[in-house]
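Report on the structure given below.
The values are calculated or read from the model by the stated rules, or taken from the named source; none is laboratory data. Keep in mind that what you see is a predicted model, and the values were worked out from it rather than measured. Note that each Cβ is placed from the backbone with ideal geometry, even for glycine, and that neighbours are counted across all protein chains shown. Areas reflect the complete protein model, heavy atoms only, side chains present, ligands, DNA and RNA absent. Shrake-Rupley method; radii C 1.70, N 1.55, O 1.52, S 1.80 Å.
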Amino acid sequence: MTKQLPNLKLTSDILPERVLVCGDPGRAKIISELLDNPVLLAQNREYHTYSGSWKGRQVAVVSHGVGAPGAAVCFEELIMGGVQSIIRVGTAGSYQKEVTPGSLVVSTAAVSCDGLTKQIVPPGFPAVADRKIIEALVEASGTAGSDIPLTEGITLTLDAFYSGVLEFPHQLYKKAGVVAVDMENSALFVIAALKGVKAGAIMAIDGYADAELRDEYNPHNDLVSSAVEAEMKIALDAIVSL
């Protein structure tokens with residue numbers, strides 16, 4: 001049955017089963033331009049939806065904005081629309097010296113330090129990426145011919161981008177081996193688990209989130225741009241392989 005998706009402003013019958021999501025509407029447009037026969041399906045608020053084909057498979061690209069609550073609306077409505085596989089193409093800040101700006105991270109799971117997931121699942125519910133998507137992303141990165149370093153590991157999802165008067169325990173998570181921090185992964189992984197669909201995430205490292213490692217935060221440089229460009233194609237190759 002066709003469903004109207006109220007915030008994405010489209011109907012479920014035009015969505016393919018495979019979707020890439022990203023925060024920035026501008027990045028969604030750039031990804032869509034890599035596709036064959038790209039079409040803009042809908043635009044509403046931060047949610048811009050495109051479709052096209054990649055290597056003969058239909059794919060959609062949807063932007064979800066910044067932060068877990070708004071992104072969760074996007075994820076929920078995509079799943080309502082029949083989507084079965086979602087890969088997030090994003091950016092993240094590194095917690096580890098060896099995970100350098102301009103490299104890539106495939107998130108295997110997320111520490112849920114966001115507010116959204118605390119309102120939809122009980123404490124301790126794991127936010128875990130789908131293993132098949134993790135493997136597909138790693139395999140696609142190996143066949144893409146890119147020399148950009150890639151790390152698999154646990155990431156952390158946090159609501160705050162800038163710090164306030166309270167100190168977040170970044171050093172504890174760094175010591176625990178968390179590789180990077182973002183703002184949406186845990187919401188995606190938890191919602192996907194609840195709804196029985198596959199989800200994963202690949203992220204370009206755009207700087208150090210750890211204050212001891214960071215000289216300055218400047219994500220607008222050639223290293224980060226190259227990583228973002230690479231992850232788009234890796235994610236497309238991965239999503240059509242499922």
(Q) Can you give me the C-alpha center-to-center distance between the stretch 176-205 and the stretch 1-69, rounded to a whole angstrom? (A) 19 Å
(Q) So, for the chain, what is the accessible surface per residue at a probe of 1.4 Å, expressed in square angstrom? (A) 46 Å²
Q. Helix 68-80 versus the longest principal axis of the chain: what angle, 0 to 90°, nearest 10, using Cα atoms?
A. 30 degrees
Q. Which angle between 0 and 90 degrees, to the nearest 10, do you get for helix 131-143 versus the longest principal axis of the chain when only C-alpha atoms count?
A. 80 degrees
Q. Which GluC sites (Glu not before Pro) does the stretch 65-148 hold that lie in a coil by DSSP with at most 15 other beta carbons within 10 Å?
A. 98
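With a ≥ b ≥ c taken as the square roots of the eigenvalues of the C-alpha gyration tensor of the stretch 191-242, please select rounded if a/c is under 1.5 and otherwise prolate if a/b is larger than b/c or oblate if it is not?
Details: a/c = 4.64, a/b = 1.68, b/c = 2.77.
Taking the square roots of the gyration eigenvalues as a ≥ b ≥ c, the stretch 191-242 is oblate.
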Q | Mean ellipticity per residue at 222 nm, deg cm²/dmol - from DSSP H runs of n ≥ 4 across the chain, formula -39500 (n - 2.57) | A | -9000 deg cm²/dmol
(Q) Only sites in a loop by DSSP and with at most 14 other Cβ atoms within 10 Å count here; which GluC sites (Glu not before Pro) in the stretch 164-242 make the cut? (A) 167, 212, 216
Q.
When only alpha-carbon atoms are used, what values of Rg and Dmax, in angstrom, describe the stretch 114-198?
A. 15.1, 46
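Tell me the carbon and sulfur percent of the accessible area for the chain, rounded to whole percent, probe radius 1.4 Å.
On the way: 5900 of 11220 Å².
Reported share for carbon and sulfur atoms: 53 percent.
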Q.
Below 9 angstrom from the Cβ of residue 69, what's the summed charge of the other residues (Lys, Arg +1; Asp, Glu -1)?
A. -2
(Q) Given an 8 Å cut-off on Cα distances and at least 6 residues of separation, report the relative contact order of the chain as a percent. (A) 26 percent
Q. Which is the longest run of the chain containing none of the chymotrypsin sites (Phe, Trp or Tyr not before Pro) found in DSSP loop states (not H, G, I, E, B) with at most 15 other C-beta atoms within 10 Å?
A. 1-160
Q: Round to the nearest 10 and give me the degree value, 0 to 90, for the angle of helix 222-241's Cα axis relative to the longest principal axis of the chain.
A: 50 degrees
Q. Using Cα-only point scatterers and the Debye equation, what is log10 of I(q)/I(0) for the chain at each q in 0.14, 0.15 Å⁻¹, rounded to two decimals?
A. -0.84, -0.97
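Based on the Cβ-Cβ distance from residue 212 to residue 125, what FRET efficiency comes out when R0 is 25 Å, to the nearest 0.05? Can you show the working numbers first?
Numbers: r = 31 Å, r/R0 = 1.25.
Efficiency computed from Cβ-Cβ geometry: 0.20.
List the trypsin sites (Lys or Arg not before Pro) within the stretch 141-226 that fall in a DSSP loop (any state other than H, G, I, E or B) and whose Cβ has at most 14 other Cβ atoms within 10 Å. Provide the component values of the computation, followed by the final result.
On the way: sites: 174, 175, 195, 198, 214; in loops: 214.
Loop-located and lightly packed - 214.
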